[in-house]
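What follows is one structure encoded as structure tokens, with my remarks underneath.
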Amino acid sequence: MTGAGVVIAGGPKTRYDGKEFVKAGFSQMSIHINAKKGEIADTILLPGDPLRAKYIAETFLEDVVQFNEVRNMFGYTGTYKGKRVSVMGTGMGIPSISIYITELMQEYDVQKLIRVGTCGAIQKDVKVRDVIIAQSASTNSKFNEITFKGMDYAPTADFDLLLKAYETGREKGLNLKVGNVFTEDLFYSEDSDHKKYADYGVLAVEMESAALYTLAAKFGRQALSVLTVSDHILTGEATSSEERQTTFNDMIEVALDAAIQE
Ligand SMILES: O=P(O)(O)O[C@H]1O[C@H](CO)[C@@H](O)[C@H]1O
Ligand SMILES: O=c1cc[nH]c(=O)[nH]1
């Protein structure tokens, strides 16, 4: 754990005391992220939950500096195996992740974006605790429809990142699945589209990857989603919080090891 070594970016370097980070009070470059240029690495991990970002920074990174606390969407930069990496929460759903990744790419020139999220399985042969690499992301969101004026678009992962993540996961002996995921707008829905998508081979549902892939393509950047199956929509099985931690660690290591490869 490197938590005791976390400092705030900008202003006086205030150490994290295990309870809270002191506000730095510097001028910000973008509306939702108050980091200065250069404080965010070229490569960033993006969990939905900002507390997962804090966990990743404290558990996996060294020499950590916090660069964002606006709206409690915590962001940190540190090193992993000697390479500079950032991690930041995105919030839940396409509207939230779209804001953060647009600012990360447009204002901070981030080049590699790897979502590390949870998902619900919709195929029998996908098990709780499996790690899924999202090769593509279908969606019922209007995001691509609006962007492409009613025409269709196939949001796709960066192949180079995908291959690195796949090889890393296989070397670690993980039960990896690679395929299409469904990025949905409604977590709670009376009339879900899951069966239709499952019939067409989609592995699991989550709420951000389609926008991540589309926006990364727009900016000419590399993007990938690595997801842990936290629950099974067909069987109702769900992971315990302890199990989640272990499988999250597998997913995070796959993402970090893929991210730092040249
Ligand atoms: O665990 P995260 O990364 O937040 O991802 C999944 O969990 C949230 C729903 O509970 C949505 O954001 C969904 O995509
Ligand atoms: O978006 C999500 C994430 C996990 N499980 C679900 O059912 N949906």
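The values are calculated or read from the model by the stated rules, or taken from the named source; none is laboratory data. Everything numeric in this text was worked out from a predicted model, so none of it was measured. Quick reminder, even Gly has a Cβ in these numbers, built from the backbone with ideal geometry, and neighbours come from all protein chains shown. Just so you know, the surface numbers come from the protein's heavy atoms only, side chains and all, with ligands and any DNA or RNA stripped out. Shrake-Rupley method; radii C 1.70, N 1.55, O 1.52, S 1.80 Å.
Remarks
- Comparing Cα centroids, the range 198-237 and the range 102-170 end up 5 angstrom apart.
- Max mean-square fluctuation residue, GNM over the chain, Cα-Cα springs under 10 Å, options ILE132, ILE31, ILE252: ILE31
- The trypsin sites (Lys or Arg not before Pro) of the range 166-225 that meet both conditions, a loop assignment by DSSP and at most 13 other Cβ atoms within 10 Å of the site Cβ, are LYS172.
- Dipole magnitude for the range 32-260: computed about the Cα centre from +1 point charges on Lys and Arg Cβ and -1 point charges on Asp and Glu Cβ, it is near 400 debye.
- ILE122 accessible area, 1.4 Å probe, all protein chains in place, Å² to nearest 10: 10
- Where chymotrypsin sites (Phe, Trp or Tyr not before Pro) in DSSP loops with at most 16 other Cβ within 10 Å are excluded, longest remaining stretch of the chain: 27-147
- Most mobile of GLN245, GLN111, GLN66 in a GNM of the chain (Cα contacts under 10 Å): GLN245
- 3J(HN,Hα) along the range 33-41: 10, 9, 9, 8, 3, x, 7, 10, 5 Hz, from the Karplus curve 6.51 cos²θ - 1.76 cosθ + 1.60 with θ = phi - 60°, whole Hz, x for Gly and Pro.
- Of the residues ALA198, ALA137, ALA157, the one that moves most in a GNM of the chain with alpha-carbon contacts below 10 Å is ALA198.
- The convex hull drawn around the Cα atoms of the range 28-79, when projected onto a plane and averaged over every direction, covers 3.4 nm².
- Pairwise Cα inverse-distance average, inverted: Kirkwood Rh of the chain (Å): 18.4
- For the range 109-203, the set of GluC sites (Glu not before Pro) satisfying both a DSSP loop assignment and a count of at most 14 other C-beta atoms within 10 Å is given as GLU190.
- The chain: DSSP helices with Cα axial extent of at least 20 Å and average Kyte-Doolittle hydropathy no lower than -1.0: 241-260
- Using θ = phi - 60° and Karplus 6.51 cos²θ - 1.76 cosθ + 1.60, couplings along the range 189-195 (whole Hz; Gly, Pro as x): 9, 6, 9, 6, 8, 4, 5
- Amide H contacts under 5 Å for ALA223, placed H, 5+ residues apart: LEU113, ASP158
- When each of LYS54/LYS218; LYS112/LYS164; LYS81/LYS127; LYS112/LYS195; LYS81/LYS164; LYS37/LYS83 is checked by Cα-Cα distance, pairs over 23 Å: LYS54/LYS218; LYS81/LYS127; LYS112/LYS195
- Model label zone, TYR200; criterion: amide N under 18 Å from point 7 Å along Cα-to-beta-carbon; scope the range 133-171: 134-157
- If both residues of a DSSP beta bridge must be in the chain, then about 40% of such bridges are antiparallel.
- When nucleic acids and ligands are ignored and a 1.4 Å probe is applied, SER189 ends up with an accessible area of around 50 Å².
- Considering helices alone, the calculated mean residue ellipticity of the chain at 222 nm is -9000 deg cm²/dmol, with DSSP H runs of length four and up weighted by -39500 (n - 2.57) and normalised per residue.
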